[in-house]
Amino acid sequence: MCSVDVDFDRSLEISWRTDSALRRLHQPNHESNKAAGFISLSALSSTLACNAKKLLRQRLAEVRTKTFIPLKTQKTMISELAEDLIRDYRTNGMRSIGDLEARWEKHLKPFFGERRAGEVDGSLVTKYINDRQEEGAANATINRELAALKRMFTLGKRAKKVAAIPFIPMLKENNRRKGFLRSKEHDALATATAKVGLWLRAMFELGCTFGWRKAEMLGLKVKQIDLLAGTIRLEPGTTKNGEGREVSMTLPLKVLLTQCCLKKAPEDPVFTREDKSPVRDFRKTWEKVCCEVGLGERVCPTCYPELQKQTLDADGQCSACERKWKRQQLKYVGLLVHDLRRTAARNLRNSGTAEEVIMEIGGWKTPSVFKRYAIVDQTDIRTAMTRLEVKQERDRAEAAVQEQAENLGTAKQFGHSLGTAAPKTVQVAPRASAPTAPTAPVN
């Protein structure tokens with residue numbers, strides 16, 4: 001057996017038509033071989049024929065077991081698959097294309113960009129996960145990046161650029177929603193948002209009432225609000241799930257939206273600032289308002305959350321690590337705009353609204369997703385226990401009344417009550433007195 005270190009994939013043209021190729025090796029220039037794309041040994045010396053036969057047997061075995069990877073697919077780069085995925089997002093008008101491009105450029109490209117698709121396997125993906133976790137990325141963030149990577153391979157296999165989709169493990173997410181507003185917090189935040197402007201006050205009320213997403217609220221136009229009918233309409237294609245919705249306004253919300261729509265054309269946005277410019281991003285304004293009412297705070301991005309008791313002075317210096325931060329570098333921790341969506345879900349559920357109706361109002365497509373928003377806290381549990389006690393007392397009272405009624409009916413039927421025989425009354429005759437002796441007359 002000869003052994004020569006040669007890159008056979010560059011020297012041989014491989015195909016897998018039939019096993020009879022082994023019998024036609026001595027005819028490398030045969031027309032059938034050329035048409036079928038079988039091995040050509042013209043570029044090899046006779047000393048390499050044994051290795052060529054061995055490689056051919058290996059390739060044919062891979063074909064039979066469906067593990068053969070053509071040379072073309074072996075050269076496919078991850079960067080090429082990423083370009084195909086971004087093009088697919090752009091073609092289908094996916095609004096999250098900006099997020100996809102950011103995930104690719106910032107995280108996926110530095111690690112996978114220069115690798116071939118055939119190099120990616122479970123162990124390599126696990127290494128990527130470990131690197132991202134060391135950087136402080138959350139499991140949900142890593143999963144979104146891995147989902148994009150998996151989608152690249154799915155499109156690549158559909159286009160026959162990759163032979164198989166590698167195993168890509170996903171991490172467990174703790175994505176149960178927690179933040180929501182109580183009654184007192186709602187009133188305090190309503191007052192604070194009104195000081196900023198009518199647009200923020202109306203948007204705050206809209207989010208707490210219907211639980212709509214931020215993008216859905218910012219995209220509202222005047223023509224979508226029917227003040228006479230008292231309804232708001234979201235057009236199909238403008239929502240996350242692509243379905244339209246129509247809801248009836250509450251009185252406070254109708255008053256606020258009426259003021260927002262004054263002197264505006266049908267195509268104008270509903271929420272505009274004092275200078276009539278449409279509201280695009282109000283994250284900084286929201287964080288400032290929440291910090292003012294005690295529903296949020298600025299923390300050290302290095303020490304939090306390990307050292308939650310760290311404080312910042314007026315100059316932005318951390319009491320734990322003693323590092324001085326600029327305001328834009330501090331991390332915000334507190335109530336989010338998306339928490340209004342959870343607040344609406346909780347309030348609607350507590351009001352007795354059916355789950356199907358709540359999902360229709362807020363745009364939840366599946367019950368599994370909605371249940372992550374229907375928040376239950378200790379107050380809800382205490383209220384439930386109180387209701388249970390009241391019901392048990394009522395049931396016991398009703399049972400006592402029913403038992404008394406049944407006993408009364410039995411008494412009327414059998415002439416006695418409580419299931420006991422009435423005591424018999426015995427007439428005792430008076431005892432006869434003994435005859436008295438006649439007395440002698442007194443003279």
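The values are calculated or read from the model by the stated rules, or taken from the named source; none is laboratory data. Every value quoted in this text rests on a predicted model; they were computed, and no experiment measured them. Quick reminder, even Gly has a Cβ in these numbers, built from the backbone with ideal geometry, and neighbours come from all protein chains shown.
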_Selection within the range 144-181 - more than 20 Å from Ile86 (Cα to Cα), modelled with pLDDT of 85 or more and among the charged types (D, E, K, R)_ = Lys172
*Evaluate the range 208-227: report whether one residue or more is among the basic types (Lys, Arg), in contact with an Asp or Glu (Cβ under 8 Å, 6 or more places away or on another chain), touching a residue at least 24 places away in the same chain (Cβ under 8 Å) and under 30 Å from Arg115 (Cα atoms).*
no
*Return the only residue of Ser96, Ser123, Ser79 being in contact with a helix residue (DSSP H, G or I) (Cβ under 9 Å, 6 or more places away or on another chain) and surrounded by fewer than 14 Cβ atoms within 10 Å (Cβ to Cβ).*
Ser96
*Pick from the range 70-98, criterion under 26 Å from the mean Cα position of the chain (by Cα) and basic (Lys, Arg), ranking: modelled with the lowest pLDDT*: Arg95
*Confirm whether Glu185 is part of a helix (DSSP H, G or I) and within 22 Å of Asp281 (Cα to Cα).*
no
_at pLDDT below 85, of a type in the set (Phe, Trp, Tyr) and not assigned by TED's automatic domain parsing to the domain that holds Glu135: is that true of Tyr304 in this structure?_
yes
*asked:* Being in contact (Cβ under 8 Å) with a residue 24 or more places away in the chain and surrounded by 10 or more Cβ atoms within 10 Å (Cβ to Cβ) is the requirement here; does Cys303 meet it?
replied: no
*Quick one: count up the residues across the range 312-338 that are under 23 Å from Asp281 (Cβ atoms) and loosely packed, with under 12 Cβ neighbours inside 10 Å.*
3
